[in-house]
Amino acid sequence: MRAADRGHTRRGIVLPFLALPVVVLGVLIVGLFVWAHSDDDGTRAGAAAAVPCTEALAFGAAEPPAHARVRDCTVQRGIDTSYAAVLRMPREDVSAWLRQTYPDGPTPRTGGGPCGALCLDVTHENGLPGTAEAHVVQVRVDYVNAETALVRFSAFTM
C-alpha cells in the first residue's frame, strides 16, 4: 500500500470524530437561542401583555371603584413584575377610593407637575396592605374636567 493511500484512510477515520464536536456545539447554540426567545405566557420578558383589570388592581391590593371605567390593564415581567391600569372615574370619588383602599397609607399629595393633580405612593413600610403582592403602588391623578378624573395606577415589585 502506498503512503498516500494510508493517509487517505486515516483522514476518513479521523474526520467524523472531528466533526462530532462541531455538530454538538451547533445543536447547543441553536437550543440556547430557542430557549432564550421563548416565554411561558407567549410574550418576551419586558414586553407588556394585556391582563384582566381586576388582576392588575389586585396585585396592588385594590378593587375597581364602583363608578369607574377601568381599561388598558397590562403586565410586564422581567426581573421585576409591573402591573398598570388606567381608570376614568368621577372626580369626587377619587379621594374616598384611595382612603378606602389604603387606609393606613400616606395622605395623597397635591400640587401638579409630574405628580399631576393628586398622587399617592404606598409601600409596605407606609401602609400597603399585607394582601398586596406588589412592593410599591403609585397612583397619579389628572382632572380631565370638572366631573372626571383620569387615574393611572401602577403596582410593581422591586
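The values are calculated or read from the model by the stated rules, or taken from the named source; none is laboratory data. Quick caveat: nothing in here was measured; it's all calculated off a predicted structure. As a convention, Cβ positions derive from the backbone with ideal geometry for all residues, glycine included, and neighbour counts pool all protein chains shown. Accessible surface areas use protein heavy atoms only, side chains included; no ligands, DNA or RNA. Shrake-Rupley method; radii C 1.70, N 1.55, O 1.52, S 1.80 Å.
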Against the conditions (1) modelled with pLDDT of 95 or more; (2) crowded, with 16+ Cβ neighbours inside 10 Å, where does Pro65 fall short? Just the number, please. (1)
Near pairs, Cβ below 9 angstrom, 6+ apart or cross-chain, from the stretch 62-85 (of a type in the set (Lys, Arg)) to any residue that is not in a strand (DSSP E or B): Arg71/Cys53; Arg77/Asp39; Arg77/Asp41; Arg77/Thr43; Arg77/Ala45; Arg77/Gly46; Arg77/Ala47
Here's a check for you: in the stretch 51-73, which residue that is part of a strand (DSSP E or B) and under 14 Å from the mean Cα position of the chain (by Cα) is farthest from Gly130 (Cα to Cα)? Asp72
Only one of (1) at pLDDT below 65; (2) closer than 17 Å to Val139 by Cα; (3) charged (D, E, K, R) fails for Arg6. Which number is that? (2)
Restricting attention to the stretch 83-120, report how many residues are in a strand (DSSP E or B), over 16 Å from Glu63 (Cα atoms) and among the small types (Gly, Ala, Ser). 1
Count of residues meeting criterion [assigned to a strand (DSSP E or B) and either out of contact with any helix residue (DSSP H, G or I) (no Cβ under 7 Å at 6 or more places or on another chain) or open to solvent by 10 Å² or more (accessible area, probe 1.4 Å) (or both)] in the stretch 121-156: 14
